[in-house]
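Readers should treat all values here as calculations from the given coordinates under stated rules, not as data from a laboratory. Every value quoted in this text rests on a predicted model; they were computed, and no experiment measured them. Note: ideal-geometry Cβ built from the backbone for every residue, glycine included; neighbour counts use all protein chains shown.
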Amino acid sequence: MRALENLIQDARQLAAGHGPASPAVTEVARQMQICNACRYCEGFCAVFPAMTRRLEFGAADVHYLANLCHNCGACLHACQYAPPHEFAVNVPQAMAQVRGETYVAYAWPAALGKLYQRNGLTLSLALAAGLALFLLLALALNGSLWGGASAGDFSKRFPHNLMVFMFAPVFLWAVLALGLGVRRFLRDVSPATSGAAIMTGDALQATQDVLKLKYLDGGHGEGCHNEDDAFTLSRSRAHHLTFYGFMLCFAATSVATVYHYAFGWHAPYDLPSLPKLLGVAGGVSLLLGTAGLFKLKLTRHPLHGDAAQNPMDYGFIALLFLTSASGLLLWLARGTPALALLLALHLGVVMALFATLPYGKFAHGIFRSAALLRYAVEKRQPSTLALGDD
Amino acid sequence: MPIPDKHATLDVLVIGGGNAALCAALMAREAGASVLLLEAAPREWRGGNSAHTRNLRCMHDAPQDVLVDAYPEEEFWQDLLKVTGGLTNEQLARRVIRDSSTCRSWMRSHGVHFQPSLSGALHTARTNAFFMGGGKALVNAYFRSAEKLGVQVRYDAPVNRLEIVNGHFVAAHVQVQRPDGSADTERITARACVLAAGGFESNRDWLREAWGTNERGETPSDNFLIRGTKFNQGVLLRHLLNDHGADVIGDPTQAHMVAIDARAPLYDGGICTRIDCVSLGVVVNREAQRFYDEGEDFWPKRYAIWGRLVAQQPGQIAYSIIDAKAIGRFMPPVFPGVKANTLKELAGQLGLDRNTFMRTLNDYNNACQAGTFDHTALDNCHTEGVMPAKTHWARPIDTAPFYAYALRPGVTFTYLGLKTDETAAVRFGDVPSDNLFVAGEMMAGNVLGKGYTAGVGMSIGTAFGRIAGVQSAQEAIQSGAHHARA
C-alpha cells in the first residue's frame with residue numbers, strides 16, 4: 001500500500017511538472033519528438049496540431065495531449081515509424097498509458113486514486129456491495145424478494161425518501177470528486193496551453209467537439225479504426241449510443257425528480273409519460289451502445305491503447321449495460337412477482353455505477369472534455385513558433 | 001467484377017508493392033484483367049518507399065480542394081527543367097504533369113484522402129496535394145481497395161528472374177518458402193507484366209560499385225544512409241539490364257539525395273531525419289571549412305542538393321551550425337542537437353579542429369553585412385569578402401547557446417532505370433516490348449535525370465503506374481481473346 005501511495009504522490013508531482021517524469025510521460029515525449037519532425041498525421045485529430053505548437057514536451061504538455069487523444073488508432077495505422085520500425089512509435093498506446101496516470105494523479109481525494117490501478121476489482125467490489133446492500137434492504141423492508149402485494153408500486157418497496165437519502169450523497173460525492181479533480185487538472189494544464197482565459201466561444205467549440213465525437217471521424221468523416229487499417233463508423237456510433245443513452249437516462253431521472261417535488265406526481269410512471277419515454281429510449285440506447293462497444297473491443301487491434309486498462313474499460317461497459325438491462329427488465333416485469341428482486345438488483349447496480357463514477361472509465365469523458373476546452377483556447381492564440389517554411 | 005479463377009491463366013502480374021505497383025494493379029483490374037501482385041516485403045513492411053511519402057505534385061489551373069491558386073502545366077514543366085538541368089524527356093514529363101491534374105479523383109475513389117499542406121510545409125500549399133496520414137495511409141487504402149476488387153496479393157514474394165523471349169514476357173520466378181522452411185522457386189506465367197519494384201538504393205554493393213573510390217581513397221557510399229525501404233535491392237533492374245539487355249536510362253550515381261541527421265537509422269529513417277536549419281546558419285565539413293552557399297535559395301528549393309554536396313566532402317560528413325536565434329524557426333529535428341555555450345566548446349564536442357573552426361566562424365561572422373533578416377523572403381542579409389559567400393539570411397553566429405547537427409547523405413531513391421516511352425513499355429534495342437511494362441522508381445530516371453522537386457516522384461509513379469496498368473490489361477485481354485479464338 002505504501003508503494004501505491006508513493007506512486008500517487010509521484011504521479012501528482014509529475015503531472016504538475018515537478019520531479020522526474022514517469023516512464024509513460026517520458027515515452028510520450030520521446031514519440032512526440034519524432035512525430036513533430038514528421039507531422040503526417042496533422043489532419044486526423046487535435047493532438048497533432050497541438051503538438052506542432054511545441055518544441056519540447058513537459059509533463060503538463062504530455063498530460064494535456066494524452067487527454068486530447070481518443071485512441072482512434074488512425075495515427076498508428078498510418079505511421080511509417082510504428083513497430084516493427086526501430087522507432088517503435090505507437091501514439092495511441094503511449095497516450096493511453098499516460099491517461100491512466102492522469103486519472104490517478106488527479107483523483108480526489110488523492111488516496112482513492114489507487115482505485116484506478118486495480119479497477120476491475122474496484123468495480124466488482126462496488127457491484128457486490130451495491131447488490132448486497134439492496135437485496136438485504138429489500139428483505140428487511142419486505143420480508144421477501146419475490147412477489148408480494150401491490151406489485152408495480154416501487155415506492156412501497158423502497159420508500160422514496162430513503163432512496164433520495166441513499167443516492168443523493170453518492171451522486172453529489174461523484175460530482176464533487178470529479179469537479180475537484182478536473183479543476184486541478186485545468187490548473188496544471190492551463191499554463192502549458194497559453195494560459196489564456198476560457199471564452200464562451202471556446203466552451204461552445206469544446207461542447208460541440210464532445211457532443212459530436214468530432215475526433216472519432218478520422219478527419220475525413222469515414223471514422224476511426226477498430227481491428228485493422230480500415231475506417232469504421234461503428235465505434236463512433238456505439239460510443240454515441242452509450243453517451244446519449246446515459247444522458248437520456250439521466251434526463252429521465254431529473255424529470256422524475258421535478259415531477260415528484262414540483263408537481264407531486266409520484267413514480268412509477270408508464271408510457272407515454274416523459275420520464276418513461278426518456279428512460280426507455282435511454283435504456284435501449286445504452287444497451288445497444290455498450291453491447292456494441294464490448295463487441296468492438298473484443299476484436300480491437302492489439303496495439304491500440306493500454307491493455308492494462310482493459311479491466312477498467314470492460315468493467316465500466318458492463319456496469320452501464322447492467323444498469324440499462326436491469327432497468328428495462330424492471331419495467332417489463334412490472335406487475336409480476338419478480339419485481340422486488342429486479343428492483344433490488346437495479347438499484348444495486350446503479351449504486352455501484354454512481355459510487356465508482358469518479359474512479360473509473362467515466363473520468364475519461366471529464367478529462368477529455370477539459371483537454372478539448374484548453375485546445376479550443378490554445379488554438380485561438382497565435383503560435384509562438386515561426387518555422388522557416390511557413 | 002468476378003473473382004478470377006485461380007487456375008485460369010493470369011492476365012497481369014505486377015511485381016512490386018508501392019504506389020506505382022498498386023496504381024498499375026488497380027487500373028488493370030478495373031479494366032477487367034485478373035491481377036496478381038507480388039510484394040517482396042512482408043506485410044508489415046509493404047509499400048516500399050511510398051510508405052514514407054507525403055504528397056503528390058499536381059498541376060492545376062484553378063484552386064482545387066486542398067490546392068490553392070493555380071500551378072499551370074508550363075510552370076510545372078519549367079520547375080522540372082530547372083531541377084534536372086534539362087536531363088529529362090519532355091514528352092514523358094508533360095504526360096506526367098497533365099496526368100497529375102486529373103488523377104486525384106481516381107485516387108479518392110480508392111480511398112485516398114487529401115489534406116491541406118502540413119504546418120511547416122506551407123510553401124507547397126499551391127503545388128502539392130498532401131495525403132492525409134501520409135504515404136502509408138495511401139498504401140493501406142490502395143491495398144484495401146485492391147483486395148476488395150479481387151486483386152490477389154502475395155507478401156514475402158521477391159522475384160529474382162524473368163523469362164523474356166524476344167522482348168516478350170513469359171514468366172517470373174518468385175522465391176517461396178516451403179512449409180519446412182527451405183527455399184524454393186515458383187514459376188508464374190502471365191499474359192502481361194508490370195515491373196514496379198523500386199530503385200537499387202538499398203543495395204550497398206551496387207552503390208559502392210556506382211560511386212567507386214574518390215580522390216581521397218574513400219568509398220563514399222559506405223557513409224550513405226537510406227531514407228527508405230531496405231527491400232529496394234534492384235534485383236530485377238540489374239537482371240533486366242545485365243541478363244536481358246533492356247534499354248537503360250540514367251546515371252547510377254544520380255538519386256534523390258538530401259542531407260539528413262547522421263544519427264538516422266541505416267534504412268527507413270524517412271522524413272523525420274531531415275535537418276532544416278542549414279539556411280539559418282553555416283555548414284562546415286570535417287576540416288571545419290565551409291563549402292557552399294547555405295543561403296542560396298529557400299530551403300525547400302535547395303534541400304535536394306545538399307545530400308550530394310555532403311557526399312563530396314571528406315568522410316561524407318558535415319555539420320550544420322546555428323545559434324539561439326534560429327531556435328523555433330525551422331522544423332524541429334528528431335534528435336536533439338549537440339549544444340554548447342561557446343563556439344570553441346562546440347568544436348570540441350564535434351571533434352573538429354578548434355582553431356580552424358574558430359577561424360571559419362570568425363571569418364563568416366565578420367563578413368556578415370547588416371541587413372533586415374526575413375526568413376520568408378530572399379532577404380538582404382549576406383556576406384562580403386568570404387568564400388563561399390552566403391547570399392541570404394547571413395547573420396553572425398554569436399548568440400549562445402550554440403547547436404550543431406551532423407549531416408550525412410541520405411538517399412531517397414536512385415535514378416538509373418529502364419528506358420521507356422508513353423506506353424510505359426520496357427524497350428529492348430529500342431523496340432518496345434508488347435507485354436512488359438515499367439513504372440515508378442524503376443523508370444523515374446526518364447523524367448528525372450538529376451535533381452528533385454518535392455512530390456514529383458509520386459506524380460511519376462502514379463502517372464506511369466496507371467498507364468502501365470491500362471496497357472498491360474489491354475495487351476493481356478487482347479492476347480487472351482486471341483488465344484481463345486485460336
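Average projection, convex hull of the Cα set of the stretch A:85-193: 11.4 square nanometres. Listed by Cβ neighbour count within 10 Å, with the fewest neighbours leading, B:Ser100, A:Ser369, B:Ser119 appear as A:Ser369, B:Ser119, B:Ser100.
In whole Å, how far is the Cα centre of the stretch A:47-99 from that of the stretch B:427-458? Going from one Cα centre to the other spans 38 Å. Across peptide B:131-142, the mean count of Cβ atoms from other chains lying within 10 Å of each residue's own Cβ comes to 6.
Ordering A:Thr193, B:Ala192, B:Thr399 by the projection of their Cα atoms onto the charge dipole of the protein assembly as shown, which places +1 on the Cβ of Lys and Arg and -1 on the Cβ of Asp and Glu, puts A:Thr193 at the extreme positive end. From the Kirkwood radius over Cα pairs of chain A, Stokes-Einstein at 25 °C and 0.890 mPa s returns a whole-number translational diffusion coefficient of 110 µm²/s.
Computed over the Cα atoms of the stretch A:12-144, the ratio of the radius of gyration to the Kirkwood radius (Rg/Rh) comes to 1.19. Every Cα-Cα pair of the stretch B:263-345 was included, and the share exceeding 23 Å stands at 20 percent. As a ratio to 2.2 N^0.38 Å, the alpha-carbon radius of gyration computed for the stretch B:257-410 takes the value 0.95. Structure remark: mean-square fluctuation, Gaussian network model of chain A, C-alpha springs under 10 Å; the largest value among A:Ala262, A:Ala370, A:Ala252 belongs to A:Ala262. Look at the stretch B:270-277: the mean tally of other chain Cβ atoms within 10 Å of its residues' Cβ atoms is 5.
Find out how many positive minus negative residues lie around B:Leu378, taking Lys and Arg as positive, Asp and Glu as negative, among other residues whose Cβ is under 13 Å from that of B:Leu378. Cβ neighbours under 13 Å give a net charge of -2. Computed about the Cα centre, the dipole magnitude for the stretch A:292-382 is approximately 280 debye when only Lys and Arg (+1) and Asp and Glu (-1) carry charge, each at its Cβ.
Cysteine residues of chain B whose Cβ has no partner cysteine Cβ closer than 4.7 Å: B:Cys23, B:Cys58, B:Cys103, B:Cys193, B:Cys277, B:Cys368, B:Cys381.
Charge dipole of the stretch B:257-410 (Cα centre as origin; +1 on each Lys and Arg Cβ, -1 on each Asp and Glu Cβ, all else neutral): 300 debye, rounded to the nearest 20. Spread over its residues, the convex hull of the C-alpha atoms of the stretch A:267-362 is 107 Å³ per residue.
For the listed peptides A:253-260, B:356-363, a ranking on the average number of other beta carbons within 10 Å per residue, highest first, reads B:356-363, A:253-260.
Working ranking of peptides B:105-112, A:326-333 by packing, defined as the average number of other Cβ atoms within 10 Å per residue, highest first, is A:326-333, B:105-112.
For chain A, a crude dipole built from +1 on the beta carbon of Lys and Arg and -1 on the beta carbon of Asp and Glu, taken about the Cα centre, is about 900 debye to the nearest 20. Could you give me D for the stretch B:61-167, from Stokes-Einstein at 10 °C and 1.306 mPa s, where the hydrodynamic radius is the Kirkwood radius over C-alpha pairs? Units µm² s⁻¹, please. D, rounded to a whole number, is 95 µm²/s. Note on A:Lys295: lysines with a C-alpha under 21 Å away, same-chain residues under 8 apart excluded, are A:Lys361.
For chain B, build the charge dipole from Cβ charges (+1 Lys, Arg; -1 Asp, Glu) around the Cα centre, then report which of B:Ala210, B:Met387, B:Ala125 sits farthest towards its positive end. Working it through, the farthest residue towards the positive pole turns out to be B:Ala125. Volume per residue of the convex hull around the Cα atoms, evaluated for the protein assembly as shown, comes out as 210 Å³. What distance in nm separates the two pseudo spin-label positions at B:Glu218 and A:Thr200, each 7 Å out from Cα along the beta-carbon direction? Computed distance between label sites B:Glu218 and A:Thr200 equals 6.6 nm. Over chain A, Cα pairs under 8 Å with separation of 6+ residues give a relative contact order of 26 percent.
Sorting B:391-398, B:88-95 by their mean Cβ neighbour count within 10 Å, with the most densely packed peptide first, gives B:391-398, B:88-95. In whole percents, the pair-distance distribution calculated for chain B from its alpha-carbon pairs, binned every 10 Å from zero, is 4, 20, 28, 24, 14, 7, 3, 0, 0. For chain A, the membrane-span-like helix rule (DSSP H, alpha carbon extent of at least 27 Å along the helix axis, mean Kyte-Doolittle at least 0.5) picks out A:119-142, A:160-189, A:234-258, A:274-298, A:310-332; this says nothing about an actual membrane. Within chain B, the selection of entire DSSP H helices by a Cα span of 27 Å or greater along the long axis and an average Kyte-Doolittle value of at least -0.5 returns B:456-485.
When exposed loop sites are taken as GluC sites (Glu not before Pro) in a DSSP loop with at most 15 other Cβ atoms within 10 Å, the longest stretch of chain A clear of them is A:228-390.
Could you tell me how far the Cα centroid of the stretch B:194-259 sits from the Cα centroid of the stretch A:158-188, in Å? Here the answer is 68 Å between Cα centres. The mean count of C-beta atoms from other chains within 10 Å of the C-beta of residues in B:327-338, rounded to a whole number, is 5.
Helical runs (DSSP H, four residues minimum) scored at -39500 (n - 2.57) apiece and divided by the length of chain B put the mean residue ellipticity at 222 nm at -8500 deg cm²/dmol.
I want to verify a result. In a Gaussian network model of chain A, Cα cutoff 10 Å, which of these has the top mean-square fluctuation: A:Phe87, A:Phe158, A:Phe316? So, out of A:Phe87, A:Phe158, A:Phe316, the one fluctuating most is A:Phe87.
Based only on the alpha carbon positions, what is the Kirkwood hydrodynamic radius of the stretch A:202-279, in angstrom? Value: 14.9 Å, from the Cα pair sum.
Largest GNM mean-square fluctuation among A:Val164, A:Val175, A:Val25, using chain A with Cα springs under 10 Å: A:Val164.
Secondary-structure-derived ellipticity at 222 nm for chain A, considering helices only, amounts to -20500 deg cm²/dmol, per-run term -39500 (n - 2.57) for DSSP H runs with n ≥ 4.
Within the protein assembly as shown, antiparallel bridges make up roughly 75 percent of the DSSP beta bridges whose residues both belong there. Ignoring lysines fewer than eight residues from B:Lys301 along the same chain, the ones with Cα atoms less than 20 angstrom from its Cα are B:Lys82, B:Lys390, B:Lys450.
Each of A:Ala94, A:Phe321, A:Cys41 was placed along the dipole of the protein assembly as shown (beta-carbon charges, centred on the mean Cα), and the one lying farthest toward the positive end is A:Phe321.
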